[in-house]
1. Neighbour counts of other C-beta atoms within 10 Å: give me Glu389, Glu353 arranged from fewest to most.
2. Net charge around Leu234, counting only other residues with Cβ within less than 10 Å of its Cβ (Lys, Arg = +1; Asp, Glu = -1)?
3. Lys and Arg at +1, Asp and Glu at -1: add these up for the other residues within a Cβ distance under 12 Å of Gly356 and post the number.
4. Quick one: order Glu365, Glu206, Glu349 by neighbouring beta-carbon count within 10 Å, fewest to most.
5. Taking the DSSP beta bridges in the range 288-412 as the whole, what percent of them are antiparallel, to the nearest 5?
6. Determine one quarter of the surface area of the Cα convex hull of the range 60-114, which equals its mean projected area, and express it in nm² to one decimal.
7. Order of Ser226, Ser156 from fewest to most other C-beta atoms within 10 Å?
8. Taking only the Cα atoms of the range 288-412, how large is their convex hull per residue, in Å³?
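We did not get these values from a lab; they are worked out from the coordinates using the rules stated. Bear in mind the structure is a predicted one, so any value in this text is a computation, not a measurement. Positions of Cβ are backbone-derived with ideal geometry, glycine not excepted, and every protein chain shown enters the neighbour counts.
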Amino acid sequence: MKLRNVIYCGDNLDWMRKMPDDCVDLIYADPPFFSNRHYEVIWNDGAEIRSFEDGWSGGINHYIEWMWLRCFEMHRILKPAGSLYLHCDWHASHYLKVMLDEVFAKQKCFRNEIVWCYRKWSTRGGQFARNHDVILFYTKNTDSRHTFNALYTDVSAGTMRRWKGRKQVAQFEAGVRKAAYEPREQARTPMPDWWPISILNPNSKERLGYPTQKPRVLLERIIEASSNPGHLVLDPFCGCGTTLAVAQRLGRDWIGIDVSPTACKLMKRRVEQAGATGVEIVGLPMTDDDLRSLKPFEFQNWVIGVMGGTVSERKVKDMGIDGYTYFERWPIQVKQQDKVGRPEVDKFETALERYGERMRKAADERGNGTFALKGIIVAFSFTKDAHEEVATAKSRGLDIWLMTVDGVRSEFGASS
């Protein structure tokens, strides 16, 4: 199993179980927060969409059991001097702390409950604003042999005024302690476990549109504190790849894992932009069975991505249009099923006609009255009456192509 600068697509539990003992220096884990929220994202380039739910039908006990299995593997693969930073919030932080105390030899390996505080608008009344996350910091060893590079913050304004930023020292005269300073040494304040770092605002150049994206400075602080250049950093819930991009820029090796093929492809682009070469994604869906098991939006991304198109900006309310070819802007509908028949083609015809009306109006306004109305439906297979309906629609000026998944592979030269 490759353990350097690689992205694994799939369940992180499966991949971590394949990893050897004591192989990772630092793990940053940002799992689902047990928030019971639905997220739907279109990446900035418009090429992909991701929809996922942070929901747990079995309640908190199901969530903690799910997390325990993964934290057990994280503890196993950490090197003796390694560290885990588990990112969570008020929904489950107290449950996760108790669970991690068990996994990491009771409380002996617990180091800090780091509070990442930020400012944001809160609309809920009757309580204080919830403006912080919690990051639980554990080490594999109970002693001080773990990797830790002390970080410092600026000294207080009072220290700057009185001591001009110099380090304070204690001097004793006749048994009386007097304050003094060391003229050749600057004062430094050890970084506390309270981290005021701004969240990414909607207009930030760093933002990719991912709803739980964390700022780079947060990951920089963690990676600089608990790893050294050349160390291996793992993010088993890698999302949009911020951990990997920061690790790459700081000279660390890295491994990213995510269940989403869409996220894995985004990670690859980000680390390549940060200077990584030869990046491999292992585990992307290859066979029909793989593709059938994907969540609907992931399957949609695969099809539209292979075709080089862009996803519909209307997301769920797409009225039958999931995406468009890149240059011609022909509508694409994706069906993750076999034997797509006449009813589905009928519905796509309606969506195509509405789209055609808008495009003809736009063409007229540009002084170009010609517009070819074409559309594509992709599925695993089609019925005979679907092909018959396509022939009927063509007589009304609707040019609909029915493409199977195998046809997409052949036409666009895709194997994954």
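1. Numbers: Glu389 23, Glu353 15.
The fewest-first ordering by Cβ neighbours comes to Glu353, Glu389.
2. Neighbour charge sum, excluding Leu234 itself: -3.
3. Value of the local net charge: +3.
4. On the way: Glu365 8, Glu206 12, Glu349 19.
So the ranking, lowest neighbour count to highest, is Glu365, Glu206, Glu349.
5. Around 30 percent antiparallel, to the nearest 5.
6. 3.7 nm²
7. Going from sparsest to densest Cβ surroundings: Ser156, Ser226.
8. Residue-normalised Cα hull volume stands at 104 Å³.
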